[in-house]
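Have a look at the structure below, then the notes.
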Amino acid sequence: MFLFSLLFLCHVLGLTLASPTQPRSLATTAWDYIVVGSGPAGIIAATRLSENTAKKVLLLEGGGPSYYVTGGRERPSWLSGTSLSRVDVPGLYLSIFSTPSSLTCGKNVNAFGGCTIGGCSAINAGLFFEPPASDFDKYFPTGWKHSDLVPSINRLYATQPSSDAPSADHMQYLQSGYTAAKNWIVNKAGFTELPINANAARKTKVFGHPVYDYNNAQRGGPAISYLQKALTRSNFHLQSGAWVQRVVRTGSHATGVVANVNGVTTTYSLSAKGRVIVSGGALKSPELLMKSGIGDPAVLERLHAANKLGGLPSKSWINNTAVGAKLFDNPNTFIELSSPKVQSYVYTYENPPASDKALYLQHRSGPYSFASEISVFWDTVKRSDGSLAGMQGTIGTAGYSGYQNSSTVTLNIYGTSGLKSTGKVVLDSNFVPGQSGVYYSNPQDAQDIATFIRRIFDALPGTGITPLNIPQSATHAQIAKYITTPSAYAVGQVNHWSSSCRFGSCVDTNTVVVGMKNLHVVDASIVAPLTVNPQMGVMIAAERAAELIKLLG
């Protein structure tokens, strides 16, 4: 994707992107670490591992450039002449869903995702919420409890800038929706307004401004905060345009990976004590394990029949039904809210209002300095057995689908930690990964989310806010039916994929794949469903995993 046309430019910028000769030269090197996937986890793992300059680290990415500094030049005409791509400008986040882009995975994944340098962190909103300590203490194994992760969290904060007022002038723009929501959620429903990450442990009845992982009002993330450091090291190399097909292994020992690099099949080899770290995300990583002969026996038989296992003999297969199992995504519901006190704002790709364009280009301020989310809140629903289901709400600046007038904004309700529904990663007839059975496979989740919605609806009278697509008077049963009936507003994919290669059954606590000695998974696949958007949790997990992998030698 734009790779060859950018070779000279990438050389000028000092980047280690692919070149016509580079794949061959890199293929003759014995690598100490091969990291597959340059999403947030892969970049962090590769960067930390490359800190030992005696170790040779290769980071492979199937997609191409994203941010301007990576060679990305996909952008609207009003950014011409700047050092910005569409990825760099937070206010262009939503346009990635609605305009053609080389940044997404396309036919490589049956879901919306980022296949580019930075992965999903290059295409998502950049919401950066620290998970509460209880998430790690409840859902993660020994060695991954909150006390174990404090150093990882501290390293992340020290490396990754973030702010709930990311505009260069530190103003928070488009706040009519925030003010209206605060009157409803705080004044009427009894939530507490507070700085979110400064109070990370509190996720019951709290409300505040979203935190973004930006720097100087530009989209941040590991491709900026981590990768640029790694690229200065001679022992680190990034190869884009490299779609890894399988891990080469002899029994339980990985010896390298096979990739398609710009149409050429290339094998990258490990040193005698080298390790492969798979960081393709919660859909792609299980796919790669399966195509490396590790997974459900029925799936391996299908792959073998289609000659997709590279001739790996059946005696070397590792039969493990946990690979791709228990896949999670937040079930979400859009609720369209109208109020005469709210002024909707719609971001555009090509034609921002002149004043807003000038604010951003000249001062890194204004509406385009953030990605449309104006408020966030959390609560929990306690079940009869005492267990908790986490709930999150975010409010954006505009309406959606059939409700898009000047006084409408969108509330997005997520079910989060403690939910009971999971599905699995499946390969279609072309062996492309996707999901099956993720949403509401356990009916308890619909009951819990409906309880949350009914609870906040009870506080609506007197706020001047009217829900448009779900009546304010809807009963609990009616809400439960609505949120589980597919529509433009319900049962849509949030694409917060996680948990498809869980600790204990798919990887051990050192992130080593069960049945293997030197093959790891480090990405959202190993992260349990969190109370918050998963990005920061994935980054914390990558920091911890790199720390543990270093100790293995």
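The values are calculated or read from the model by the stated rules, or taken from the named source; none is laboratory data. Just so you know, these numbers come straight off a predicted model, no measurement behind them. Here the Cβ positions follow ideal geometry from the backbone for every residue, glycine too, while neighbour counts run over all protein chains shown. Heads up: the accessible areas ignore ligands, DNA and RNA and are worked out on the full protein's heavy atoms, side chains in. Shrake-Rupley method; radii C 1.70, N 1.55, O 1.52, S 1.80 Å.
Points worth noting:
- Evaluating N405 against the criteria (1) within 26 Å of the chain's Cα centre (by Cα); (2) closer than 17 Å to G177 by Cα leaves one unmet condition, (1).
- Considering only residues in the stretch 188-214 that are of a type in the set (S, T, N, Q) and without any contact (Cβ under 8 Å) to a residue 24 or more places away in the chain, the one that is farthest from H146 (Cα to Cα) turns out to be T192.
- Subset tally (residues that are open to solvent by less than 10 Å² (accessible area, probe 1.4 Å) and under 11 Å from the mean Cα position of the chain (by Cα)) for the stretch 534-553: 3
- Test: A41 is closer than 30 Å to V491 by Cβ, open to solvent by less than 10 Å² (accessible area, probe 1.4 Å) and part of a helix (DSSP H, G or I): yes
- When I224 is tested against (1) modelled with pLDDT of 95 or more; (2) of a type in the set (A, V, I, L, M, F, W, C); (3) surrounded by fewer than 16 Cβ atoms within 10 Å (Cβ to Cβ), just one condition goes unmet, and that condition is (3).
- Any hit, the stretch 92-107, residues being farther than 30 Å from V438 by Cα and without any contact (Cβ under 8 Å) to a residue 24 or more places away in the chain: no
- Those residues of the stretch 397-412 which are open to solvent by 20 Å² or more (accessible area, probe 1.4 Å) and in contact with a Pro (Cβ under 8 Å, 6 or more places away or on another chain), in sequence order: S407
- Restricting R86, R75 to those that are of a type in the set (D, E, K, R), out of contact with any strand residue (DSSP E or B) (no Cβ under 8 Å at 6 or more places or on another chain) and surrounded by fewer than 24 Cβ atoms within 10 Å (Cβ to Cβ) reduces the list to R75.
- Selection of strands (runs of 3 or more DSSP E) fully inside the stretch 185-303 by the criterion of at least 3 residues being over 24 Å from C120 (Cβ atoms) returns 242-250, 253-261, 264-278.
- From the list S525, S505, S441, the lone residue that is part of a loop (DSSP other than H, G, I, E, B), under 16 Å from F140 (Cα atoms) and touching a strand residue (DSSP E or B) at 6+ places or on another chain (Cβ under 9 Å) is S505.
- Residue satisfying all of: in the stretch 270-293; closer than 25 Å to L26 by Cβ and among the hydrophobic types (A, V, I, L, M, F, W, C); nearest to the chain's Cα centre (by Cα) among these: V278
- Taking the conditions (1) under 25 Å from R233 (Cα atoms); (2) part of a loop (DSSP other than H, G, I, E, B) in turn, L58 satisfies each one other than (2).
- Test set (1) open to solvent by less than 30 Å² (accessible area, probe 1.4 Å); (2) touching a strand residue (DSSP E or B) at 6+ places or on another chain (Cβ under 7 Å) - V432 fails condition number: (2)
- Scanning the stretch 188-201 for residues that are of a type outside the set (A, V, I, L, M) and over 16 Å from M536 (Cα atoms), we see that the one that is surrounded by the fewest Cβ atoms within 10 Å (Cβ to Cβ) is G190.
- Candidates K341, K326 - the one that is assigned to a loop (DSSP other than H, G, I, E, B), open to solvent by 20 Å² or more (accessible area, probe 1.4 Å) and in contact (Cβ under 8 Å) with a residue 60 or more places away in the chain: K341
- Among the candidates I413, I374, residue that is among the aliphatic types (A, V, I, L, M) and closer than 18 Å to H209 by Cβ: I374
- Checking each residue in the stretch 507-527 for being over 16 Å from H253 (Cα atoms) and surrounded by 24 or more Cβ atoms within 10 Å (Cβ to Cβ) picks out V522, D523, A524, S525, I526, V527.
- Residue within the stretch 310-320 that is in contact with a helix residue (DSSP H, G or I) (Cβ under 8 Å, 6 or more places away or on another chain), part of a loop (DSSP other than H, G, I, E, B), aromatic (F, W, Y) and surrounded by fewer than 22 Cβ atoms within 10 Å (Cβ to Cβ) present: yes
- One residue stands out in the stretch 374-396 among those that are among the charged types (D, E, K, R) and open to solvent by 10 Å² or more (accessible area, probe 1.4 Å): the one that is nearest to N199 (Cα to Cα), namely K382.
- Boolean, G119 is modelled with pLDDT under 95 and either surrounded by 22 or more Cβ atoms within 10 Å (Cβ to Cβ) or under 26 Å from L59 (Cα atoms) (or both): no
- Some residue of the stretch 489-500 being without any contact (Cβ under 8 Å) to a residue 24 or more places away in the chain and open to solvent by less than 10 Å² (accessible area, probe 1.4 Å): no
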